[in-house]
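*Asks:* Handing you a structure now.
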Amino acid sequence: MSKKSMDIPMMASQQKVVDAGQAVGRVAMESAQAIAKINQQAAQEFAAQIQARMSELMKTQDPKAAFDYVHAEVLQEAAKEVTQYHQQLLDALKSGNQELVDIAEELIQSSKADLIHFVNDATNNAPMGSEAYVSVFKTSFNNALQNFEMIRAAMADSFTNFEQSVENVSNLASPKTSKKKS
């Protein structure tokens, strides 16, 4: 196999890595922008609600009525808004997470295909008498393919565990409804 024939696949492979890096950067930036937008919107809504609630409280002369108002409306509304805020964050994180999974999966499959192509070219053009070396090389190659699959599975597990952790935090923050056993 000549050096020139190896340069073209190598350049294409390097370009795939560069493209994947750019895609990961884009996803990270989009996720950060989505979270910043959610935070800005939540802060604006919170400020407007505080102003409205304070205005309502200032109109109230009776301390018991003020307490009842805060307990009945303000706290319950706040709990609903926090739950909604957490869900928006969870949705933004899940969206970015899924894009990262797709990018990583594509990169792994592309690398695997490049490696298969390289090994096939190398073993098909092996000189006569090198069958033992080709056999050792192919065994190593099969081990490398198994490692690719293990990396892919570990990556998928990592992303799944991350999503579950975010959901668990969201579930802890969500108000629970009690269910009685019959």
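*Asks:* Sort through 160, 139, 123, 177 and tell me the only one that's of a type in the set (Val, Ile, Thr) and at pLDDT 85 or above.
*Replies:* Criteria check complete, one pass: 139.
*Asks:* Right, residue 149: outside the structural domain of residue 53 (by the TED database), modelled with pLDDT of 80 or more and loosely packed, with under 14 Cβ neighbours inside 10 Å or not?
*Replies:* So residue 149 fits the description; yes.
*Asks:* Moving to a separate point now. So, of the residues in region 1-23 that are among the hydrophobic types (A, V, I, L, M, F, W, C) and open to solvent by less than 60 Å² (accessible area, probe 1.4 Å), which turns out to be modelled with the highest pLDDT?
*Replies:* This residue is 23.
*Asks:* Please list, ordered by first then second residue, the pairs with beta carbon atoms under 9 Å, 6 or more apart or interchain, first in region 21-33 and of a type in the set (Lys, Arg), second assigned to a helix (DSSP H, G or I) and surrounded by 11 or more Cβ atoms within 10 Å (Cβ to Cβ).
*Replies:* These pairs meet every condition: 26/99.
*Asks:* Continuing with this model, one more query. Could you check region 116-146 and list, in sequence order, the residues that are of a type in the set (Val, Ile, Thr) and either over 23 Å from residue 13 (Cα atoms) or open to solvent by 50 Å² or more (accessible area, probe 1.4 Å) (or both)?
*Replies:* Matches in region 116-146: 116, 134, 136, 139.
*Asks:* Still on this structure, I have one more. If we scan region 78-87, do we find a residue that is open to solvent by less than 80 Å² (accessible area, probe 1.4 Å), outside the structural domain of residue 40 (by the TED database) and at pLDDT 80 or above?
*Replies:* No, region 78-87 has no match at all.
*Asks:* Considering 92, 132, which residue is touching a helix residue (DSSP H, G or I) at 6+ places or on another chain (Cβ under 8 Å) and not charged (D, E, K, R)?
*Replies:* 92
*Asks:* Looking only at region 57-69, which residues are open to solvent by 80 Å² or more (accessible area, probe 1.4 Å) and in a helix (DSSP H, G or I)?
*Replies:* 58, 59, 63, 64, 67
The values are calculated or read from the model by the stated rules, or taken from the named source; none is laboratory data. Since this is a predicted model, take the numbers as computed values, not measurements. When we count neighbours, we look across all protein chains shown, and the Cβ atoms used for this are built from the backbone with ideal geometry, even at glycine. Heads up: the accessible areas ignore ligands, DNA and RNA and are worked out on the full protein's heavy atoms, side chains in. Shrake-Rupley method; radii C 1.70, N 1.55, O 1.52, S 1.80 Å.
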